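Trainee: Input: one structure, supplied below.
Nothing in this text is a laboratory measurement; each read-out follows from the coordinates by a stated rule. Being a predicted model, the structure only gives us computed values, none of them experimental. Cβ placement follows ideal geometry from the backbone for every residue including glycine, while neighbour counts extend to all protein chains displayed.
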Amino acid sequence: MKIFLSASAKINLTLDVICRRQDGYHRVEMIMQETELSDDVHIAVSDGPGGISVRCSHPDVPDGENNIAYRAAKLIKETFHIGKQVEIYIEKRIPVAAGLAGGSADAAAVIKGLNLLWELGMDEAAMMNMGAVLGADVPFCIRGGTCLAGGIGEVLTPITSKAVLDLLLVKPEVMVSTAWAYNNLNLNAIRKRPDNSSMIDALERGDIREIAGGLINVLENVTIPRYPEIEQIKGEMMDAGALGAAMSGSGPTVFGIFGSVSEADAASRIFRRKYKDVIATKTKLRGKQGMC
């Protein structure tokens, strides 16, 4: 039996870090948004010897237990005591280590796919709870759409957005460690935080200009001093006609919101002269995952 699912990337329209918790994680409040940019995840199960294999089109994506998609399959097999073969192939389109939740999206697709193939009967809430064991972004990647995320990112409140945003994503050739970004953020030095209430209102009204004007990611306070290229890309994005620009997650990808597809495409041609990972896409309202 086989199944194919699309695994959507996310961006953070806002990202605020509230405090450091006693367990070492940070409490966040952020608005997460699904995009049309996606990986293709192919899953096949059989009555073989019970192993798990993961292959990927991108050479930098690990196999084995270092791959979160592998760990998702292992978690399901162990939870439901299933001794069957699982083969996973990931056609990678989401840039790797980019702040776009590409790995989490692939893990979410594996949970959804195996739930269907093995008729496990998990509803969305059960799949999200399982995903939270693997990583803070996985529950959102299971649900999709637009959400206010709290806790460490796993506590989700759906937002009924009317806004489909034309985006340009640009990833510079730098690597940002998520743990480094959070651990080096000086919470007392943050001067400007996102207004999530106003952003939610703008999303519900579909006010693209107000959404673009409210983009704030407090992790830029720590990433930009070390990686000034991120700030440079933000400036160049605005010069190219973006209504607003911000870093997604812990970076290094910068996204810009444009007034139309043609404007985003025109800007993409400028950035492709310098950067390899330049992608024009759209945000995606909550809907069904593609499968066959």
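Trainee: Just to confirm a number: summing +1 for Lys and Arg and -1 for Asp and Glu over residues other than R193 whose beta-carbon lies under 11 angstrom from that of R193, what do you get?
Mentor: On the way: positive: R191, K192; negative: D16, E29, D195.
Neighbour charge sum, excluding R193 itself: -1.
Trainee: What is the gain in length, in nm to one decimal, between S53 and R272 on full extension, counting 0.36 nm per residue of separation less the C-alpha to C-alpha distance?
Mentor: Working: separation 219, 0.36 × 219 = 78.84 nm, distance 3.47 nm.
Result for the pair: 75.4 nm of gain on full extension.
Trainee: Just check the range 2-158 against the gyration tensor rule for me: Cα atoms, a ≥ b ≥ c as the square roots of the eigenvalues, rounded for a/c under 1.5, and otherwise prolate or oblate depending on whether a/b exceeds b/c.
Mentor: It is prolate, given that a/c is not under 1.5 and a/b is the larger ratio.
Trainee: Would you mind pulling out the separation of the Cα centroids of the range 140-201 and the range 89-134, in Å?
Mentor: Each part's Cα centre sits 19 Å from the other's.
Trainee: Between L285 and S197, how many nm apart are label points set 7 Å from Cα along the C-beta direction?
Mentor: 2.6
Trainee: I would also like to ask the following. Among residues other than T160 whose Cβ falls under 9 Å from its Cβ, what is the net charge (Lys/Arg +1, Asp/Glu -1)?
Mentor: Values: positive: K162, R286; negative: E204.
After counting each charged neighbour, the total is +1.
Trainee: What are the ³J(HN,Hα) couplings of the range 194-201, residue after residue, when phi is run through the Karplus curve with 6.51, -1.76, 1.60 and θ = phi - 60°? Round to Hz, x for glycine and proline.
Mentor: Karplus-based 3J(HN,Hα) across the range 194-201 equals x, 9, 5, 4, 5, 5, 4, 4 Hz.
Trainee: Of the listed pairs K171/K192; K10/K74; K10/K84; K112/K171; K10/K171, which have alpha-carbon separations greater than 22 Å here?
Mentor: On the way: K171/K192 24 Å; K10/K74 24 Å; K10/K84 31 Å; K112/K171 28 Å; K10/K171 14 Å.
With Cα atoms farther than 22 Å apart: K171/K192; K10/K74; K10/K84; K112/K171.
Trainee: For R205 and E231 in the same chain, what is the full-extension length gain: residue separation times 0.36 nm, less their Cα-Cα distance, in nm? Walk me through the numbers before you get to the answer.
Mentor: Values: separation 26, 0.36 × 26 = 9.36 nm, distance 2.94 nm.
Fully extending the segment from R205 to E231 adds 6.4 nm.
Trainee: Given Cα pairs under 8 Å that are at least 6 residues apart, what percent is the relative contact order of the range 2-158? Numbers along the way, then the final one.
Mentor: On the way: 340 pairs, mean separation 45.1, N = 157.
That works out to 29 percent.
Trainee: What does the C-alpha gyration tensor say about the overall shape of the range 197-270? Classify as rounded when a/c is under 1.5, otherwise prolate if a/b is larger than b/c, or oblate. Show your work: numbers first, answer last.
Mentor: On the way: a/c = 2.65, a/b = 1.15, b/c = 2.30.
Here the range 197-270 falls in the oblate category.
Trainee: What nm distance separates the two modelled labels at E78 and M1, each placed 7 Å from Cα along Cα→Cβ?
Mentor: Spacing of the two 7 Å Cα→Cβ label points: 2.3 nm.
Trainee: Multiply the residue separation of R20 and D60 by 0.36 nm, subtract the distance between their alpha-carbon atoms, and state the gained length in nm to one decimal.
Mentor: Numbers: separation 40, 0.36 × 40 = 14.40 nm, distance 3.14 nm.
Fully extending the segment from R20 to D60 adds 11.3 nm.
Trainee: Sticking with this structure for a sec: Using amide H atoms built in the peptide plane, which far-off residues or other-chain residues are under 5 Å from K84 H to H?
Mentor: Those lying under 5 Å, H to H, from K84: there are none.
Trainee: What is the order of L100, L134, L5, fewest Cβ neighbours within 10 Å to most? Show your work: numbers first, answer last.
Mentor: Numbers: L100 28, L134 21, L5 24.
By the 10 Å Cβ count, ascending: L134, L5, L100.
Trainee: Okay, moving on. At a 10 Å Cβ-Cβ cut-off, how would you order D195, D40, fewest neighbours first?
Mentor: Numbers: D195 14, D40 17.
The order, fewest Cβ neighbours first, is D195, D40.
Trainee: Continuing with this model, one more query. Summing Lys, Arg as +1 and Asp, Glu as -1, what charge do residues with Cβ under 13 Å from the Cβ of R71 carry, R71 excluded? Don't skip to the answer; put the middle values down first.
Mentor: Values: positive: K74, K77; negative: D63, E65, E78, D106.
Around R71, the charge tally is -2.
Trainee: Tell me which label goes with the value of Kirkwood radius over Cα pairs in Å computed from the coordinates here: (1) 20.2; (2) 19.3; (3) 22.2.
Mentor: Matching the structure shown: (2).
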